[in-house]
Amino acid sequence: MKPRRLVPVLIAILLLAGCRAAAWREYHHVEPVEYYFTYPEVTGLLGPPPLFVALLGEGRTPLDCIELFQPSADERHMAVLCPKLGGDDGLADVLQAEEDLAAILTDLYAQYPFQEGLFLTGFADGGEFVLEYGMKYPTAVGGLSAMSVDKYPDAVTAGVPVQILVGESDPERLALAQEIEQAWRERGVLVRMLTVDGDGRAPNRAFARLSSEVTDQVR
């Protein structure tokens, strides 16, 4: 009898998931890869909006991403891109992930005007990808933000604004981030490290809000 009692719960979960997806269907794309994209109806008085690319990393979907970042996008009048990169291997396949991102950006830049310079943020392995990408293509980047990462790029580029976010009760990542902040500053990187409430195990609204502030770093 116990399995039967689970049926209504499972149906409710499936219906809820369907409602979530339906609410964002207008902004959902599947070519060249899956992604969600929103463009502000009002762009403000400073010209085209910034393009903000967000990656929540393994175990989280582009739908999770757009739901988390859209409130900040509305507040700051920015375009938001939440893609699924790297195919079946995800962000572990860095070359495929870069190719996927390039294909999406080619399509978007052909359709919309944007402020010069991408702004990228990522959580966990999404943050590691963002940092590597930004240091590899600094002329294309306006600012970077990463949270709860375990690995930082060996090669860094001065002049790219970088924000490192760490859960305040995550002592190991906090110690590493403090070391990186000091080392990168000595190498001329425009970097700041901030703490976020909690242990940093999951992306939250504080992460989204602070990450979106990198769009203030206009090159």
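We did not get these values from a lab; they are worked out from the coordinates using the rules stated. All figures in this text were calculated on a predicted structure; none of them were measured in a lab. Neighbour counts are summed over all protein chains in view; Cβ atoms, including those assigned to glycine, are modelled from backbone coordinates with ideal geometry.
Work out, in µm²/s and without decimals, the Stokes-Einstein translational diffusion coefficient of region 91-219 at 20 °C, 1.002 mPa s, Rh from Kirkwood over C-alpha pairs.
For the chosen part, D equals 143 µm²/s.
Does anyone have the angle between helix 2-23 and the longest principal axis of the chain? Alpha-carbon axes, 0 to 90°, nearest 10?
So the helix axis and the longest Cα principal axis differ by about 50 degrees.
Given the -39500 (n - 2.57) contribution per DSSP H run of 4+ residues, what per-residue ellipticity at 222 nm results for the chain, rounded to the nearest 500 deg cm²/dmol?
-13500 deg cm²/dmol
Which Cys in the chain stand alone, with every other cysteine's Cβ at 4.7 Å or more from theirs?
Isolated Cys, the chain: Cys19.
Given H placed 1.01 Å from N in the peptide plane, which residues other than close sequence neighbours of Leu55 have an amide H under 5 Å from its amide H?
Those lying under 5 Å, H to H, from Leu55 are Thr121, Gly122, Phe123.
Helix 125-136 sits at what angle to the longest principal axis of the chain, using alpha carbons and giving 0 to 90 degrees rounded to 10?
Roughly 30 degrees, rounded to the nearest 10.
Can you list residues whose amide H is under 5 Å from Val162's amide H, if they're 5+ apart or on another chain and H is modeled 1.01 Å from N?
Residues meeting the amide H criterion: Leu144, Leu190, Val191, Arg192.
Could you tell me which GluC sites (Glu not before Pro) in region 27-106 are loop residues by DSSP with no more than 13 other beta carbons within 10 angstrom of their beta carbon?
Filter output for region 27-106: Glu41, Glu58.
Which value in nm describes the separation of the simple spin-label points at Tyr109 and Asp154, placed 7 Å from the Cα toward the beta carbon?
For the pair Tyr109/Asp154, the computed spacing is 2.9 nm.
May I ask you to derive the relative contact order of the chain, considering only C-alpha pairs under 8 Å and at least 6 residues apart, and to give it as an integer percent?
That works out to 17 percent.
How much length would be gained if the chain were fully extended between Arg187 and Arg209, taking 0.36 nm per residue of separation minus their Cα-Cα distance, in nm to one decimal?
Gain on stretching Arg187 to Arg209: 5.2 nm.
Nearest 10 degrees, 0 to 90: what angle lies between the long axis of helix 171-186 and the longest principal axis of the chain (Cα atoms)?
40 degrees
Please compute the length gained on full extension between Thr139 and Glu116, using 0.36 nm multiplied by the number of residues separating them and subtracting their Cα-Cα distance.
7.3 nm
Under 37 °C and 0.692 mPa s, how fast does region 2-216 diffuse according to Stokes-Einstein, given a Kirkwood radius computed over C-alpha pairs? Answer in µm²/s, whole number.
D, rounded to a whole number, is 183 µm²/s.
Give the calculated FRET efficiency between Ala102 and Asp64 to the nearest 0.05, with a Förster radius of 25 Å applied to their Cβ-Cβ distance.
My answer for the efficiency is 0.60.
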